[in-house]
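Structure, as structure tokens:
The values are calculated or read from the model by the stated rules, or taken from the named source; none is laboratory data. Predicted model, so just to flag it, every value in this text is computed and none were measured. A quick note on method: Cβ atoms are made from the backbone with ideal geometry, for glycine too, and the neighbour counts reach across all protein chains shown. Protein only, heavy atoms only, side chains kept; ligands, DNA and RNA dropped before computing areas. Shrake-Rupley method; radii C 1.70, N 1.55, O 1.52, S 1.80 Å.
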Amino acid sequence: MLTLTKFYISPHAKGMKDMTRKFLDDNFLLNSETAIRLYHETAKDMPIIDYHCHLSPQEIRENKTFKNITEAWLYGDHYKWRVMRANGIEEKYITGDADDYDKFLAWARTVPQLIGNPLHHWTHLELQRFFGVEELLNEQTAPAIWEKVNKQLQGEGFGARDLITKSKVTV
């Protein structure tokens, strides 16, 4: 099992005592004591006002329950499609007729190539915050993540609108 536990913080982050932290910890992307204080004291519990997603208004209104993580993540996300194509993934695994598990595996093969790209961060933030998955997504961890996430998606509180509500979105 691969879990990224430390990452480098810029030496320009003045006042930081520990130069390594857990990946995607509560201070992710906060590179100074001032940023950490402002975020936790002011912004952390504020709602998201300008929300962006790749779900249709109908899916949100109906609180659509997804049959699996591929349907939730890959069916309408052109950003993911673009990087999968750039990674040499065949179109049948992106928008074609491959089954959802194989499409998810193709995404899992792509994710490790995305370090430094916001899609790498978003993928792992969503896995961690919505589903409690701490492991990095890759070809080796994909089967266990597929099972864990899909089991949760079938449970209560994981419909399209439910996930948006968990993000503290305000309309």
Index of the failed condition, THR95 passing every other in (1) surrounded by 16 or more Cβ atoms within 10 Å (Cβ to Cβ); (2) without any contact (Cβ under 8 Å) to a residue 40 or more places away in the chain; (3) among the hydroxyl-bearing types (Ser, Thr, Tyr): (1)
Pick from region 66-92, criterion over 22 Å from PRO143 (Cβ atoms) and not small (Gly, Ala, Ser), ranking: surrounded by the most Cβ atoms within 10 Å (Cβ to Cβ): TRP81
Members of region 30-45 found to be among the aliphatic types (A, V, I, L, M) and surrounded by 10 or more Cβ atoms within 10 Å (Cβ to Cβ), listed by number: LEU30, ALA35, ILE36, LEU38
Which numbered condition ILE94 fails, given (1) touching a Phe, Trp or Tyr at 6+ places or on another chain (Cβ under 6 Å); (2) at pLDDT below 95; (3) of a type in the set (A, V, I, L, M, F, W, C): (2)
Output for region 125-171, where each listed residue is open to solvent by 40 Å² or more (accessible area, probe 1.4 Å) and among the hydroxyl-bearing types (Ser, Thr, Tyr): THR165, THR170
Exclusive hit being assigned to a helix (DSSP H, G or I), touching a residue at least 60 places away in the same chain (Cβ under 8 Å) and on the phi < 0 side of the Ramachandran plot, set ASP162, ASP102: ASP162
From LYS92, LYS64, residue being assigned to a helix (DSSP H, G or I) and of a type in the set (Lys, Arg): LYS92
